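A short reminder: the numbers here are calculations on the coordinates, not readings from a lab. What you are looking at is a predicted structure, and each value in this text was computed from that prediction instead of being measured. As a convention, Cβ positions derive from the backbone with ideal geometry for all residues, glycine included, and neighbour counts pool all protein chains shown.
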């Protein structure tokens, strides 16, 4: 359902076709699912925009962060951080830093492999991305 809902209608354009009944109690789920699907299937630019959207959602509300983690958003954010362009890497690192607001969320991210991804970026990544990752590390340990 998720991949069908957020499949590109045309090249570079994503269109939401509707929400299942489960999302009627949590309407923000539809937006979260769409952004996570774009992180899985979009171009690097689309994935960067999706990560930026998730940053906005997490900044607005701690509950949104929990939903992003529960719905599997950490893995594709880490993949973007590893493989994306610089802007996408920065957005993914910001999202991961904001998602680490409690011990349970940090534990999920550790099990998803955040430590090795952060270590690689801090060792080899562009300086600007390293700065955002350093901030994200400080958020995860606080």
Additional length obtainable on full extension of the chain from residue 142 to residue 102, 0.36 nm per residue less Cα span: 13.5 nm
For the stretch 105-142 and the stretch 43-87, write down the distance between their C-alpha centroids in whole Å. 14 Å
Packing-based exposure ordering (other Cβ within 10 Å, fewest first) of 55, 74: 55, 74
A correct fewest-to-most ranking of 63, 47 by other Cβ atoms within 10 Å would be 63, 47
What is the spin-label model distance, in nm, from residue 131 to residue 71 if the labels are put 7 Å beyond Cα along the C-beta direction? 3.1 nm
Just want the ordering: 99, 31, 140, from fewest to most Cβ atoms lying within 10 Å of their own Cβ. 31, 140, 99
